[in-house]
Amino acid sequence: MTITPSEAQHLRDLARLRRVRDRIDREYAQPLDVEALARGANMSAGHLSREFRLAFGESPYSYLMTRRIERAMALLRRGDLSVTDVCFAVGCSSLGTFSTRFTELVGVPPSTYRADAVRATAGMLSCVAKQVTRPVRNREARVTKPQLA
């Protein structure tokens, strides 16, 4: 079986996109933006955003914020850091944006989550707590309605 040049290019593009996703996973606490990610992948920001969304179902920025919120949830469950400390620890530079995004993804503000999560996950292994409390995209999930023919 031979691979056509367009298929080979598609595979190379997917590999670049996986490297971008891996970089986000590794460096989520660093000051990353779509332009910096695109430069690292030798793509334009617009092209990266379009291709990333096609490959992974969400924009690079959305993926980055989800990683940050997941990490913030883990830090808040520990209960020893303030919401402000957690915000900056996960790479967010604005407490307002962090709180808004956290509330969108988790469904409650970070301060409420911190108070409730400590009790709710007490005695749970951290790997289980992470899976059980993984954020669900409340407002971003697409709701598809069956189309009647």
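Bear in mind that the values in this text are calculations on the coordinates, not laboratory data. Here the structure is a predicted model, which means the values were calculated and not measured.
In whole angstrom, segment 1-116 maps to an equivalent ellipsoid with semi-axes of 33, 13, 11, each derived as √(5λ) from the alpha carbon gyration tensor and ordered largest first. In plain terms, the chain from T84 to S126 could stretch by 12.9 nm, reckoned as 0.36 nm per residue minus the Cα-Cα distance. Across segment 5-83, Cα pairs under 8 Å and at least six residues apart give a relative contact order of 26 percent.
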